[in-house]
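Everything below concerns the one structure shown next.
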Amino acid sequence: MTVCSPDLNVARRAAELARIAEDTLDVLVIGGGITGVGVALDAASRGLSVALLEADDLAFGTSRFSSKLVHGGLRYLATGDVATARESAHERHLLMTVIAPHLIRPLGQLLPFTHGVTARQRAAGVVGMGMGDLLRMRARTTRTTLPPPRLVSARTARALVPALDRRGLHGGMLSFDGQLIDDARLVVTAARTAASLGARILTRVRAQDLHAEGASAHDALTGERLDIRARSVINATGVWAGTLDESITVRPSRGTHIVLDAADLGGPSAALTIPHHGSISRYVFALPQQSGRVIVGLTDEDAPGPVPRIATPTGGEIAFLLETLNRVLAEPIRLEQVRGAFAGLRPLVDTGADSTADISRRHLVADSPAGFVNVLGGKLTTYRRMAEEAVDLASRVGGLDAAPSRTASLRLTDTGRAMSDTAPGGPSRAQVEFAVRAEGAMTVDDVLDRRTRIGLVDADRLRMQPLVETILAETLSDLA
Ligand SMILES: Cc1cc2nc3c(=O)[nH]c(=O)nc-3n(C[C@H](O)[C@H](O)[C@H](O)COP(=O)(O)OP(=O)(O)OC[C@H]3O[C@@H](n4cnc5c(N)ncnc54)[C@H](O)[C@@H]3O)c2cc1C
C-alpha cells in the first residue's frame, strides 16, 4: 500500500493531472461527496490505483447539507426495514469507536413531555427509543460510547433545553445518537486519508461521458479536455447520477434546515425532538452545533425538474419548522431571529411511490448497462458499507485483483484536528492557510462553506470574506 502525504492543494492537483493520461487506473471514481471519497478510500486502501474527479469542490453537493447525525437506524425500524436499521447501527458503532471518534460525539436528544406532544406520541417515542437501544446493544456499542435512553424530570429537561415551556412540562425521554462535528469535515478528512494512501483527489474536474473503460472530463481551471483510462469506473454523483447514466432515475427530495443562535434557545446542551403534528414517526430536530448555533430541521419535499447546483429552502418550509419548534417553547422564535437556512437534496432512487417520504433510504449499488458501477442513496452514516460494496462490484466488473476491504478497521487521519474547532468568530489565519495548503481549498467559498461553516449565516460570511480573500491569495501564490 502506497503511503503519501494526506495534503491536498493546487500544486499536487496540477502534478497529478499532468500525469493522469499516462496510466490506466484500476478505479476511476466520479463525485467528491461522502460516497465518492468513501469509495476512493476503500479502493486505495486495498492497494488499487485510484483517481476521483469532482466537478466542483469536495462536499459541494448533498453531503454538506445534512443534519450531521450518525444514526442508529431507528427510522428504518419504524418502516419495518430491520436489515437497514442493523446496518446503520453497526456502521455508527464503527464510526464512533474505530474510524472517526475524533469527528463524532454523543448527542443527547430530548423528547419533551409537554402539551405540544400527545400521549400517543410520547408512548411511541418511548417504545422507539427502547428499540433503538436494542440496536445499540446488538451492535456492541458500549454505554460509555452512547448512554442508554432514560426518563428525565421536568427540571432536568429544562436544564438541558432552557427555552422549553415549563407550563405542562412533565419531563421527557432522553436518548443518545452520534453527532458529527461537521459533515463537510468528514468528507474532507476521508478524502485526505484516501490521498495519504495514494488516491488522486482531483477537484474542479467534471466528468462528461462515462464508459466501461474510463471517462472524458473537463478541467475547469485550464479548460482542457482529458481522456482518462480505467479498468473500472464508479459513478458516485448522488442526485446528479442520472446526468451520467440515463438508465437511472433519481427522485430528489429536498430537506431544509434553519440556523438559529443557540442563545435564543438558552444555550441547549441536548437536541430537541418534536413530533410532526399528528405523526408518531416524523420529527423536527433542534440540534446544537459547536459554533454557537442550533440547526432546526428537517423537511421532506418532492423536488422535481432539473437538479439545481444548490437547492433553495422555501418560505413554507421555514414557517413549518418554526411552527413545529414553537409548539414546545416558552417564547416563540420569530422569523427575524432566523440567521440562515440551507437545503439539501436526498438522492432517492425513483420507485414510483406517492411521496418521497415513502421511498426506501436503502442504498443502491448496481452495474449500469454502459459498463460502469453506480452507487447511490443511503446515508452519510452508511458511506463505508456502500463504498465497500461498490468496490467489490467494480472489482468483479473490471476483473481487478483486489484485496478484501480494510476500511472497517482504518482510522481516518486526524492531522486536520485543529480545523475542528472553528470559533464562532470565524477561522484563524492558521486555519485558512491549512485549508488551502492541506485541504484542497481554492476559493473563498471553499473556505467559508466547506472547510468551515461560517457561510451558513450571511452576516458572518460578509464579515469574514475580506480576511479570507487576503490569506487565500497569499497562500495560493506561495504554492504556485
Ligand atoms: C437534508 C438532509 C439531511 C440529511 N441528514 C443526514 C444525517 O443526519 N445523517 C446521515 O447519515 N445522512 C443524512 N442525509 C443523507 C446524506 O446526506 C446523503 O445520503 C449523502 O450526503 C449523499 O452523499 P453523496 O456523496 O452520494 O452525494 P453528494 O454529496 O451530493 O456528492 C455528489 C458529488 O458529485 C459531484 N458531481 C456531480 N456531477 C459530477 C460530474 N459530472 N463530474 C464530477 N463530479 C460530479 C457533485 O458536485 C457532488 O459533490 C441527509 C440528507 C439530506 C438531504
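The values are calculated or read from the model by the stated rules, or taken from the named source; none is laboratory data. None of these values were measured; they are calculated from a predicted model. Note that we place each Cβ from the backbone using ideal geometry, even for glycine, and neighbour counts take in every protein chain shown.
Within the set of pairs 6 or more residues apart or between chains, which connect a residue that is of a type in the set (Asp, Glu) inside segment 412-428 to a residue that is at pLDDT 75 or above with Cβ atoms less than 9 Å apart?
ASP414/ALA100; ASP414/HIS102; ASP414/LEU103; ASP414/THR189; ASP421/ILE181; ASP421/GLN290; ASP421/GLN431
Looking at (1) more than 23 Å from THR324 (Cβ to Cβ); (2) crowded, with 17+ Cβ neighbours inside 10 Å; (3) in contact with a Gly (Cβ under 8 Å, 6 or more places away or on another chain), which one does PRO106 not meet, given that it meets all the others?
(2)
Considering only residues that are near the ligand (Cβ under 10 Å from one of its atoms) and not acidic (Asp, Glu), which ones fall in segment 76-102?
Selection gives SER88, ARG92, LEU95.
The rows are residues; the columns are (1) more than 13 Å from the ligand (Cβ to nearest atom); (2) closer than 30 Å to SER247 by Cβ; (3) of a type in the set (D, E, K, R); (4) in contact with a strand residue (DSSP E or B) (Cβ under 7 Å, 6 or more places away or on another chain).
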position: ARG166; (1), (2), (3), (4): yes, no, yes, no
position: MET173; (1), (2), (3), (4): yes, no, no, yes
position: VAL188; (1), (2), (3), (4): no, no, no, yes
position: LEU202; (1), (2), (3), (4): no, yes, no, yes
position: LEU221; (1), (2), (3), (4): yes, no, no, no
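Hey, among the residues in segment 116-140 that are out of contact with any Asp or Glu (no Cβ under 9 Å at 6 or more places or on another chain) and not in a helix (DSSP H, G or I), which one's farthest from ALA330 (Cα to Cα)?
Selected residue: ARG140.
Among the residues of segment 211-246, which ones are touching a Phe, Trp or Tyr at 6+ places or on another chain (Cβ under 8 Å) and surrounded by 14 or more Cβ atoms within 10 Å (Cβ to Cβ)?
Passing the criteria: ALA212, SER232, VAL233, ILE234, ASN235, ASP245.
Does segment 203-236 hold any residues that are touching a helix residue (DSSP H, G or I) at 6+ places or on another chain (Cβ under 6 Å) and either assigned by TED's automatic domain parsing to the domain that holds LEU325 or not hydrophobic (A, V, I, L, M, F, W, C) (or both), and which are they?
ARG231, SER232, ASN235
Return yes or no: is PRO147 over 30 Å from ARG46 (Cα atoms) and in a loop (DSSP other than H, G, I, E, B)?
Considered against the rule, which asks whether it is over 30 Å from ARG46 (Cα atoms) and in a loop (DSSP other than H, G, I, E, B), PRO147 comes out as yes.
With the condition kept exactly as written, say whether any residue in segment 112-119 is outside the structural domain of THR324 (by TED's automatic domain parsing), among the β-branched types (Val, Ile, Thr) and surrounded by 15 or more Cβ atoms within 10 Å (Cβ to Cβ).
no
Among the residues of segment 1-52, which ones are among the polar types (S, T, N, Q) and touching a Leu at 6+ places or on another chain (Cβ under 7 Å)?
First, the residues of segment 1-52 that are among the polar types (S, T, N, Q): 2, 5, 9, 24, 35, 45, 49.
Those that are among the polar types (S, T, N, Q) and touching a Leu at 6+ places or on another chain (Cβ under 7 Å): THR2, ASN9, SER45, SER49.
Has segment 51-64 got any residue that is within 10 Å of the ligand (Cβ to nearest atom), in the same structural domain as SER232 (by TED's automatic domain parsing) and at positive phi?
yes
In segment 367-416, how many are in a helix (DSSP H, G or I), among the basic types (Lys, Arg) and within 16 Å of the ligand (Cβ to nearest atom)?
Total satisfying the criteria: 2.
Looking only at segment 285-332, count how many residues are among the charged types (D, E, K, R), more than 24 Å from THR237 (Cβ to Cβ) and touching a Gly at 6+ places or on another chain (Cβ under 8 Å).
1
Checking the structure you have, find out if any residue of segment 282-295 is within 24 Å of ARG150 (Cα to Cα), touching a residue at least 24 places away in the same chain (Cβ under 8 Å) and away from the ligand (no atom under 16 Å from the Cβ).
Within segment 282-295 (the criterion being within 24 Å of ARG150 (Cα to Cα), touching a residue at least 24 places away in the same chain (Cβ under 8 Å) and away from the ligand (no atom under 16 Å from the Cβ)), the answer is no, since none of the residues qualifies.
Of everything in segment 223-242, what is modelled with pLDDT of 95 or more and within 13 Å of the ligand (Cβ to nearest atom)? Give them in sequence order.
Selection gives LEU226, ILE228, VAL233, ILE234, ASN235, ALA236, THR237, GLY238, VAL239, TRP240, ALA241.
Mind checking which residues of segment 13-50 are surrounded by 20 or more Cβ atoms within 10 Å (Cβ to Cβ), more than 16 Å from the ligand (Cβ to nearest atom) and either farther than 28 Å from LEU476 by Cβ or more than 22 Å from the chain's Cα centre (by Cα) (or both)?
Within segment 13-50, ASP26, SER45, ARG46, LEU48 meet the criteria.
Run SER66 past the list (1) among the hydroxyl-bearing types (Ser, Thr, Tyr); (2) in contact with a Ser or Thr (Cβ under 8 Å, 6 or more places away or on another chain); (3) closer than 16 Å to LYS379 by Cα and report the number of the one that doesn't hold.
All conditions pass for SER66, except number (2).
Among the candidates ASP445, ASP449, single out the residue that is surrounded by fewer than 21 Cβ atoms within 10 Å (Cβ to Cβ) and in a helix (DSSP H, G or I).
Numbers: ASP449 fails: surrounded by fewer than 21 Cβ atoms within 10 Å (Cβ to Cβ).
It is ASP445.
Might you check whether a residue that is free of Cβ contacts under 8 Å to residues at least 12 places away in the same chain and either crowded, with 20+ Cβ neighbours inside 10 Å or within 21 Å of SER66 (Cα to Cα) (or both) occurs anywhere in segment 178-197?
Taking every residue of segment 178-197 in turn, none turns out to be free of Cβ contacts under 8 Å to residues at least 12 places away in the same chain and either crowded, with 20+ Cβ neighbours inside 10 Å or within 21 Å of SER66 (Cα to Cα) (or both).
I'd like the residue in segment 247-257 that is more than 9 Å from the ligand (Cβ to nearest atom) and closer than 19 Å to PHE65 by Cα and, out of all such residues, is surrounded by the most Cβ atoms within 10 Å (Cβ to Cβ).
Of everything passing the filter in segment 247-257, VAL250 is surrounded by the most Cβ atoms within 10 Å (Cβ to Cβ).
Give me a count of the residues in segment 329-345 that are within 16 Å of the ligand (Cβ to nearest atom) and either without any contact (Cβ under 8 Å) to a residue 24 or more places away in the chain or in the same structural domain as GLY238 (by TED's automatic domain parsing) (or both).
Residues of segment 329-345 that are within 16 Å of the ligand (Cβ to nearest atom), as a first pass: 340-345.
Pick out the ones that are also either without any contact (Cβ under 8 Å) to a residue 24 or more places away in the chain or in the same structural domain as GLY238 (by TED's automatic domain parsing) (or both) and you get none.
The qualifying residues number 0.
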